[in-house]
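Undergrad: I'd like to ask some things about the structure below.
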Amino acid sequence: LRAERAILEAVSAVYERYGFEALDTGAFEYADALGKFLPDSDRPNEGVFALQDDDDQWMALRYDLTAPLARFAAQTWETLPKPFRRYAYGPVWRNEKPGPGRFRQFIQCDADTVGSARPEADAEIIAMAVEGLEAAGLPRGTAVLKINNRKLLNGLLTAAGADSAGQKLAVLRAVDKLDRLGVDGVRLLLGEGRLDESGDFTKGAGLKGKAVDQVLDFVQAGSKGGRSATLDNIARVVAGSAEGDEGLLELSRIDAALTSLGIADDQAIVDPSIVRGLEY
């Protein structure tokens, strides 16, 4: 507990220095407030710990701190100052099989901005995450934040000629395996498919030569020259796509804000191969 409290106090001090306000919400939420992450609204027990109250309404222990924030913001929207910047920490629960590094109850420390679409708001969250990890005791260089923009990926998919939702999903899933399979493995998954060592065949995205090269050029656009050089490399692949250009502009503004906040290239990098967390 002494170690846990020291970490939470150090991270909270970073959030408060940025002007974020502490908010605490209850452990239980009505299940319908937890949204799309529940598999079955009539019996929402998979993944969360749920029960019915005396009025037969389903309640569930919170599985993160963001869903309760969304419910709070919706309830108080008319009087809530905007943008609303809050941080929170506390236990969350997952109804999953426990294992190494996976618990049914654990502590989350969270910070969110509600009511602003400015890229600078994203940059502020990234800067706080960098400083928060270091305040928690991780030496500089131990953790590096990798950032991307879904609009860049959409621009890439348009440039590569990925038409259907299924094909787009197959491309993103292939890219997500870059660290594990390498460039050659991803190339196969972008094309006709890949046969693994066990003999199992995974059907590919069905892209053809030039389109496959475009995707691979995009995901390998990271540069040792830093965020700005990486953005220049990405621009050579997606420039000309309206959505891709918009994503480039947003990441450029994030880069400029991070630089002004003193977040160096070795603390937060642009990694175009990151697709997990972008809701594909």
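The values are calculated or read from the model by the stated rules, or taken from the named source; none is laboratory data. Model, not experiment: these values are computed from the prediction. For neighbour counting, all protein chains shown are included, and Cβ atoms are generated from backbone atoms with ideal geometry for every residue, glycine included. Accessible surface areas use protein heavy atoms only, side chains included; no ligands, DNA or RNA. Shrake-Rupley method; radii C 1.70, N 1.55, O 1.52, S 1.80 Å.
Undergrad: Relative to the compact globular guide of 2.2 N^0.38 Å, what is the alpha carbon radius of gyration of the range 140-280, as a ratio? Numbers along the way, then the final one.
TA: Working: Rg = 15.4 Å, N = 141, 2.2 N^0.38 = 14.4 Å.
Normalised Cα radius of gyration, the range 140-280: 1.07.
Undergrad: OK, next. Give me the percent of the accessible area of the range 162-228 that comes from carbon and sulfur atoms, probe 1.4 Å, all protein chains in place.
TA: Working: 1840 of 3860 Å².
With neighbouring chains kept in place, the figure for the range 162-228 is 48 percent.
Undergrad: Straight-line reach from LYS177: which aspartates and glutamates have a Cα under 20 Å away, not including same-chain ones fewer than 8 places off?
TA: GLU192, ASP196, GLU197, ASP200, ASP213, ASP217, ASP271, GLU279
Undergrad: Take the cross-link list LYS97/LYS151; LYS97/LYS203; LYS97/LYS168; LYS151/LYS203 and give me the ones stretching past 28 Å between alpha-carbons.
TA: Values: LYS97/LYS151 35 Å; LYS97/LYS203 30 Å; LYS97/LYS168 31 Å; LYS151/LYS203 26 Å.
Flagged as over cut-off: LYS97/LYS151; LYS97/LYS203; LYS97/LYS168.
Undergrad: Follow-up. Need one word for the range 160-221: rounded, prolate or oblate. Basis is the Cα gyration tensor (sqrt eigenvalues a ≥ b ≥ c); a/c below 1.5 gives rounded, then a/b vs b/c decides.
TA: Values: a/c = 1.78, a/b = 1.25, b/c = 1.42.
Taking the square roots of the gyration eigenvalues as a ≥ b ≥ c, the range 160-221 is oblate.
Undergrad: Related question: Let me know the shape class of the range 1-131, please: from the alpha-carbon gyration tensor, a ≥ b ≥ c as square roots of the eigenvalues, rounded when a/c is under 1.5, otherwise prolate if a/b is greater than b/c, or oblate.
TA: Numbers: a/c = 2.14, a/b = 1.34, b/c = 1.60.
Cα axes put the range 1-131 in the oblate bin.
Undergrad: List the trypsin sites (Lys or Arg not before Pro) within the range 82-160 that DSSP assigns to loop and that have no more than 14 neighbouring Cβ atoms inside 10 Å. Each step should come with its number before you reach the end.
TA: On the way: sites: ARG85, ARG86, ARG94, ARG102, ARG104, ARG140, LYS146, ARG150, LYS151; in loops: ARG94, ARG104, ARG140.
Those that pass, being in a loop and sparsely packed, are ARG104, ARG140.
Undergrad: Can you pull a Stokes-Einstein diffusion coefficient for the range 83-147 at 20 °C (1.002 mPa s), Rh from Kirkwood over Cα pairs, as a whole number of µm²/s? Display every interim value, and only then the final one.
TA: Values: Rh = 14.0 Å.
Value of D from the Cα-based Kirkwood radius: 153 µm²/s.
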